[in-house]
Amino acid sequence: MLMGAMDEMINLNLVAKLHGIFDASHLPSTRRHPEWPALKKSGRALQNRPLRARVDTVRDAIIEDVEHDFDLLTDVVDRSLQQDRFKGWMIWPVTEAVAQLAVDAAAAGTDQAAPGAFEAGLELMRRLTSRLSAEFALRIFLNADAARTIDVVTSWCSDPDEHVRRLASEGTRSYLPWARQVTELHLHPTLTVPIIDALYRDDSTYVRRSVANHLNDLSRRHPELAVEIGKRWLAAPDPNTEALVKKAFRTLIKAGDPGALTAMGFDGDAEVTGPLLDRRSLRVGEDLEVRAILTNTGSARTRLAVDFVVNYRKARGQTAPKVFKMATVNLDPGETTELAKRRSFALTTTRALYPGAHSIELQVNGRRHGAAEFELLG
């Protein structure tokens, strides 16, 4: 889904639906029933705004309408959860409002008025996440008190709901896309290890995919720790473990990390011919074919992770490498294989292309081979 379409997921109609749900969630006569004027007004302020700004606008309106009263908001949300229509994108700003008021109550020392607000807020994250993932709001708790949050989140690893187990892993990733950064996760990377240790053999593909991405995130700053964890899992596997660790090690494999390559069995060698290019010049918008010929000249079967590296020309003439997956092959002694891969040089929103000299190298089990130059024409 395109980002423009994503922005539109939180819109005037959605806010109107949320307003109706909250308005119908009447409170006992002993408590105030908010009229939700700020929430109703917020829907008209969303047009032409990015998704994050829309979430923040609706969140702030909810907080304003309950006058920063955590107990009041939790009562409303608890009653709203009894309605099946309380789901989807409207949940995101609700989780953020709950999280913000929970940590505010804890920071203000108002636990006497709202006992256990921090843990109560986390419990609502657990209950809401099956309606729409609470992974982004969980970052508010982590930034407020990472250890306290992890202590609760770890208990979710045995929850019967796969959405809750997935939240335990996904919400605590160190590089969760679109999410707030959590410094503590970078400074203390072992904080989340008990969570992913508990989940790497989960029955749910949904959960295991998150665990693989979580470990891949760890590998970006802490490769040695990531390799140690992956090797430990491979030593106590289930039928899905090898595929999970392979996905988790994808960044390390592309970077040629020796520990990750060895752990995945990529410790052999081969005679490499190439890279062979189908042309020496091409225009922006065209494709380039890259071929490699590999021969196992050894006496034992070998496993090879084959990638190719495009050294892109930058604006000032320097080059920047980008690694692309080519194939994984197993070769018997004396066996030869030929691989081919096409790479598009079309303009995209994520990479600028500059005319001039470029080059391509092969990378086999982390080792670079050859350097074939080509000219990119404007």
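The values are calculated or read from the model by the stated rules, or taken from the named source; none is laboratory data. Nothing here was measured: the structure is a model prediction, and the numbers come from that model. With ideal geometry, Cβ positions are generated from the backbone for all residues, glycine too; neighbour counts draw on all protein chains shown.
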Could you grab me the full set of residues in region 157-184 that are of a type outside the set (D, E, K, R), buried (at least 23 other Cβ atoms within 10 Å of the Cβ) and in a helix (DSSP H, G or I)? 167, 168, 169
Restricting the search to region 196-233, which residues are over 21 Å from residue 177 (Cα atoms) and acidic (Asp, Glu)? 197, 202, 203, 224, 228
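Go through region 220-245 and count every residue that is crowded, with 19+ Cβ neighbours inside 10 Å and either in the same structural domain as residue 308 (by TED's automatic domain parsing) or closer than 22 Å to residue 327 by Cβ (or both). Show your work before the answer.
We begin by selecting, within region 220-245, every residue crowded, with 19+ Cβ neighbours inside 10 Å; these are 226-227, 229-230, 233, 244-245.
Remaining after also requiring either in the same structural domain as residue 308 (by TED's automatic domain parsing) or closer than 22 Å to residue 327 by Cβ (or both): 230, 244-245.
Residues that pass the stated criteria total 3.
Got a sec? Which helices (runs of 4 or more DSSP H) wholly within region 1-107 have at least 1 residues that are among the β-branched types (Val, Ile, Thr), under 19 Å from residue 132 (Cα atoms) and in contact (Cβ under 8 Å) with a residue 40 or more places away in the chain? Outline the logic, then answer.
Numbers: elements: 3-7, 12-24, 37-42, 51-65, 70-80, 91-107.
Fully inside region 1-107 and qualifying: 12-24, 51-65, 70-80, 91-107.
Please verify whether region 194-209 includes one or more residues that are within 26 Å of residue 51 (Cα to Cα) and buried (at least 22 other Cβ atoms within 10 Å of the Cβ). Break it down into steps so the answer makes sense when it comes.
Taking region 194-209 first, the residues within 26 Å of residue 51 (Cα to Cα) are 206-207, 209.
Applying the additional criterion that residues be buried (at least 22 other Cβ atoms within 10 Å of the Cβ) yields 207.
Within region 194-209, one or more residues are within 26 Å of residue 51 (Cα to Cα) and buried (at least 22 other Cβ atoms within 10 Å of the Cβ).
For the structure I just gave you, tell me whether residue 292 is assigned to a strand (DSSP E or B), closer than 29 Å to residue 230 by Cβ, touching a Ser or Thr at 6+ places or on another chain (Cβ under 8 Å) and in contact (Cβ under 8 Å) with a residue 12 or more places away in the chain. Spell out the reasoning first.
On the way: assigned to a strand (DSSP E or B): yes; closer than 29 Å to residue 230 by Cβ: yes; touching a Ser or Thr at 6+ places or on another chain (Cβ under 8 Å): yes; in contact (Cβ under 8 Å) with a residue 12 or more places away in the chain: yes.
For residue 292, the condition - assigned to a strand (DSSP E or B), closer than 29 Å to residue 230 by Cβ, touching a Ser or Thr at 6+ places or on another chain (Cβ under 8 Å) and in contact (Cβ under 8 Å) with a residue 12 or more places away in the chain - is met.
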Output the qualifying pairs, or none if there are none: Cβ atoms under 7 angstrom, residues six or more apart or on different chains, first residue in region 155-183 and touching a residue at least 60 places away in the same chain (Cβ under 8 Å) and over 14 Å from residue 206 (Cβ atoms), second residue of a type in the set (A, V, I, L, M, F, W, C) and not in a loop (DSSP other than H, G, I, E, B). 178/136
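Hey, can you tell me all the residues within region 236-272 that are part of a strand (DSSP E or B) and touching a residue at least 40 places away in the same chain (Cβ under 8 Å)?
As a first pass, look at region 236-272 and keep what is part of a strand (DSSP E or B): 271-272.
Result: 272, single match.
Given the criterion closer than 30 Å to residue 175 by Cβ and hydroxyl-bearing (Ser, Thr, Tyr), identify the matching residue among 281, 219.
Values: 281 fails: closer than 30 Å to residue 175 by Cβ.
Checking each option against the conditions leaves just 219.
Here is a yes/no grid of residues against (1) of a type outside the set (Val, Ile, Thr); (2) outside any loop (DSSP other than H, G, I, E, B); (3) touching a residue at least 40 places away in the same chain (Cβ under 8 Å):
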position: 304; (1), (2), (3): yes, yes, yes
position: 307; (1), (2), (3): yes, yes, yes
position: 322; (1), (2), (3): yes, yes, no
position: 333; (1), (2), (3): yes, no, no
position: 338; (1), (2), (3): yes, yes, yes
position: 343; (1), (2), (3): yes, yes, yes
position: 352; (1), (2), (3): yes, no, no
position: 369; (1), (2), (3): yes, yes, yes
Tell me, please, whether a residue that is among the β-branched types (Val, Ile, Thr), surrounded by 15 or more Cβ atoms within 10 Å (Cβ to Cβ), in contact with a Pro (Cβ under 7 Å, 6 or more places away or on another chain) and not in a loop (DSSP other than H, G, I, E, B) can be found in region 356-366. yes
